[in-house]
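Worksheet for the structure shown next.
The values are calculated or read from the model by the stated rules, or taken from the named source; none is laboratory data. Predicted model, so just to flag it, every value in this text is computed and none were measured. As a convention, Cβ positions derive from the backbone with ideal geometry for all residues, glycine included, and neighbour counts pool all protein chains shown. Accessible surface is based on the protein model in full, side chains and every heavy atom, while ligands, DNA and RNA are left aside. Shrake-Rupley method; radii C 1.70, N 1.55, O 1.52, S 1.80 Å.
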Amino acid sequence: MGTAAVLLLASLVIFLLIEAAPGDPAEIMLGTSAQPDTLAALRAELGLDRPLMVRYAHWLGGVMTGDLGQSYTYGVAVTELIAQRFTVTLPLTLMATALAVAVSVPLGVMAAARPGKAGDGLATVFSQIGIAVPNFWIGLLLILGFAVKVRWFPPGGFPGWEAGFGAALGALVLPSIALAIPQAAVLTRVTRAAVIEVTNEDFVRTARAKGLSRRRALWRHTVPNALLPVVTMLGLQIPFLISGAVLVENVFSLPGMGTLAYQALSQRDLIVVQNVVLLFVAIVLVVNAGTDALYARLDPRLRGRR
């Protein structure tokens, strides 16, 4: 199934699930004491009185033309809202991904190079704690330790990029760490298992038999071939990064996509929720396609199959 077909199917599922959720957007906007005629007028203004599939077709047509509609709550174009919030979520996700890779790969390689030693034990403890502890709880601990106690970083909020690159980046440090630790824990275990598996391959033993040192064989032959499952797992973790961003952004009061989705859902701002979730799906599809391309580049055996 092509990417366009997947997006089309996803858009229908998203629309139907959100429509099935309880709550009337017009009633939430006007309050429970609003008169029936006032509610009916607002529902007609928002287009909520039209048949279900007519509303879906109208929304889908707007998505295809770049017109995402207007937010019920904020009264501005959804495109503008998403563009504003994306400038927070995108660098946050990129920082978390880079941090997860920077921690997990060396730690996993160190653990696999000497199984049963201190480095292996450290990697195991880190993996177990990182997987077991939710990222929002990690975020709260980071706030208590580095924002309240030592005051190295702000406890929350985002000053905006116009306040300066350093100030904006500093506001994203703790959230990115909270978002990265669970992903790094998983990647550490995958890296360790992959390196141990490749170490036992014939070509590695042949390289060692030809006189290559243990360290050079590890970094020249073992690690490059062990990166294939790591890249695959990294691509699969993107949805977890996105879902984790919803919680982390709320913990740190960041005005990102996750916070926007949460607020819009609580206020029944259907048009915002639909577009944000569909954008998340599109991002996952693009990342997965990029992961497949990178996987084929790292493994020459797969190039002829594409």
Worksheet entry | Of the trypsin sites (Lys or Arg not before Pro) in the range 33-125, those whose Cβ has at most 15 other Cβ within 10 Å and which sit in DSSP loop | Lys117
Worksheet item: To the nearest 10 square angstrom, what accessible area does His58 show with a 1.4 Å probe?
Response: 120
Discussion item. Computing the accessible area with a 1.4 Å probe over protein heavy atoms, can you report the carbon and sulfur percentage for the range 34-128?
Written reply: 66
Worksheet, complete the sentence: Measure of exposure for Thr65: accessible area at 1.4 Å probe, Å² rounded to 10, is 110
Discussion item. With every protein chain kept in place and ligands, DNA and RNA left out, what is the accessible area per residue of the chain? Probe 1.4 Å, answer in Å².
Written reply: 53
Response to the item:
Counting only protein heavy atoms with a 1.4 Å probe and every protein chain in place, the carbon and sulfur fraction of the accessible surface of the range 185-283 in whole percent equals 62
Item to complete: Go through the range 146-216 and name the trypsin sites (Lys or Arg not before Pro) that are in a DSSP coil and have 12 or fewer other Cβ atoms within 10 Å of their Cβ.
Response: Arg151, Lys210
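Would the range 200-256 count as rounded, prolate or oblate if I go by the C-alpha gyration tensor, calling it rounded below 1.5 in a/c and otherwise prolate when a/b exceeds b/c, oblate otherwise? Display every interim value, and only then the final one.
Details: a/c = 6.96, a/b = 3.64, b/c = 1.91.
Note, shape of the range 200-256 comes out prolate.
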Discussion item. Rounded to the nearest 10 Å², what accessible area does Leu247 have for a 1.4 Å probe in the complete protein model?
Written reply: 90
